[in-house]
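Below is one structure, written out as structure tokens; comments come after it.
Coordinate-derived values only; no laboratory data. What you are looking at is a predicted structure, and each value in this text was computed from that prediction instead of being measured. Cβ placement follows ideal geometry from the backbone for every residue including glycine, while neighbour counts extend to all protein chains displayed.
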């Protein structure tokens, strides 16, 4: 059973997930196995190699756990968080731990052996985003569910261990430090400005344009803007933010999902072109399950190309050193032209 | 000129250091060049390939910037922080930046082409640690110097770009978030317990023994303990902590430097044996330059083997997932026997 442990000095938690361990000698740099469809547990026809499916979009009449699906959600086979564990912290003056209770699902994004989101059609990516929404709606009322995170790891340098395109959905029983810090910052800005800080950033970036990568032309309330953030931690880090204020991803409409799919595909194609298909993570930051709508928080997607290595300086300070100014990254991405 | 930029939402800074940039197309996974001594700018005889030396331990009579040295400090050729810049923040409602003013030095730890600290003799490593102390003492009274960090990156996966054994020393004009969080946690513990939290952890680990890796037998006040921390972020993460309370590394005595060299070499050899020579970082966490002695802070060294990859989950939450419980890592390291 994985365990959540709190650092005795700072408000940071780690998950000690022994069941996921290889033998220590096997840790370290390994290339991602370039599985062919024949050997891939996520490809259509291999449904018996995954855990049993929780949800799927399927051809009508096709039974669960067999072929015929377009998007498929299954429990993670090596979960870092396990449902249904009571939240009874161990009592110790210095050290606190409790069972890592929560949810850890995998969303398999295509029946075909795709390697990047840019290989999905806009229609298929819309379905994927719609499944994200559907899983969040299904999970938000679970007992003890507090903070949901959907993320994708593409490439070994981004932490992927399976090549076939998939996202992971975790639900944590506690608020993670990144979200606590963001919420505290957003609340402080809201108190002093009576405005959502993400809305203020959007306004600024749309007007200034030097960090803008793409924006919806005519999608109205279902529109999005993509820009490189002012304090980008990584070269070509890009955020995609809904133009209309909304704190929770799961309030997405079908029209907005389609527009988000269009802009995500466009932005990721620009990143792949500029950096020659880098490893990347994308992360959906959304409101916690114990709130429904917040004026000071604004859901968004952060795309982090993994082309620099964190070193002792980053571990020691929490700072990041970024060798590409976001203004330059955005200019390069704007200058790329695509047929599609 | 590199620039410090504050994130508009959270209290996190990035350094935009364009001068360090390759062309974006050249970013990404590159193996560390396995330079021979003939091609290495840090090897003895190549002193004209580095910036001019600031400090060195040399054979008596050998002139600066030539052969004859044992340890050598030079300014970083591609600094992320540059001395002597005024701290005038740009004024903007959302975005704050100022010149990245500070110090960025390289300490070359051997005239020979060594790749790991374990290849140094205890005597040579004592000299290296003594040079760390000497540089901190020299820099602590510089105008605007606030927070010093000494760290070592060994191996490409740990962010090293030059193979030849070296450490880096940075001095920041502001307190980094990692140190702010640690200081806040340590202060809170001190207020409620009237004890340094690191001293409390030491007591616990020395008594419990299950996470202990090594300890000084008879070094008295110059002794150290090495243990895997309770909430280890990485497999085999190990801290080395002085047994006697001290907030600032630069108060190290020569006897303590010699004992620290002995225990560092021993611990790093155990890590290299257990994980088959992993990439690693070590980081010296020490009190800030605007304080001289603090009852609630305790300097220490954190060794982070880089055998797991941070993925979307870590970026999104600030949590770490560690597949090897620190109790197991410590037991494995204790069980290893060395001739030396």
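The table below lists the values:
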| quantity | calculated |
| --- | --- |
| For segment B:158-224 versus segment B:226-259, the gap between their alpha-carbon centres in whole angstrom | 5 |
| Residue-averaged 222 nm ellipticity for chain A, from DSSP H runs of 4+ at -39500 (n - 2.57), nearest 500 | -8000 deg cm²/dmol |
| Residue-averaged beta-carbon neighbours from other chains (10 angstrom radius) around A:318-331 | 6 |
| For segment B:215-313, the Rg and Dmax computed from alpha carbons only, in angstrom | 14.5, 46 |
| Fraction of beta bridges assigned by DSSP in the protein assembly as shown that are antiparallel (%, nearest 5) | 90 |
| Label-point separation in nm, residue B:57 to residue A:39, each point 7 Å along Cα→Cβ | 5.1 |
| Nm distances between copies for residue B:253, ranked from closest, using label points 7 Å along Cα→Cβ | 7.4 |
| Virtual spin-label span in nm between residue A:18 and residue B:290, 7 Å along Cα→Cβ | 4.5 |
| Base-10 log of normalised Debye intensity for the protein assembly as shown (one unit scatterer per alpha-carbon) at q = 0.07 Å⁻¹ | -0.47 |
| Projected-area mean, segment A:132-290, by convex hull of Cα positions, square nanometres | 10.3 |
| Cβ-based exposure ranking for A:49, B:328, in which fewest neighbours within 10 Å come first | A:49, B:328 |
| Residue order, fewest to most beta carbons within 10 Å, for A:149, B:114 | B:114, A:149 |
| Residue exposure sequence - A:101, A:273, A:310 - by fewest surrounding Cβ within 10 Å | A:273, A:310, A:101 |
| Average beta carbon contacts from partner chains per residue of B:148-160, 10 Å cutoff | 4 |
| Kirkwood hydrodynamic radius (C-alpha pairs) into Stokes-Einstein, segment B:255-340, 4 °C and 1.567 mPa s, D in µm²/s | 83 |
| Average other protein chain Cβ within 10 Å of Cβ, residues A:283-294 | 1 |
| Solution diffusion estimate, µm²/s, Stokes-Einstein, segment B:87-143, Kirkwood Rh from C-alpha pairs, 10 °C, viscosity 1.306 mPa s | 108 |
| Virtual paramagnetic centre 7 Å along Cα→Cβ of residue B:207, amide N under 16 Å, in segment A:93-125 | A:93-96 |
| Peptides A:312-319, B:212-219 ordered by average Cβ neighbours within 10 Å, highest first | A:312-319, B:212-219 |
| Spacing of the two label points (7 Å from each Cα toward its C-beta) at residue A:327 and residue B:254, in nm | 5.3 |
| Kirkwood Rh in Å, taken over all unlike Cα pairs in chain A | 21.2 |
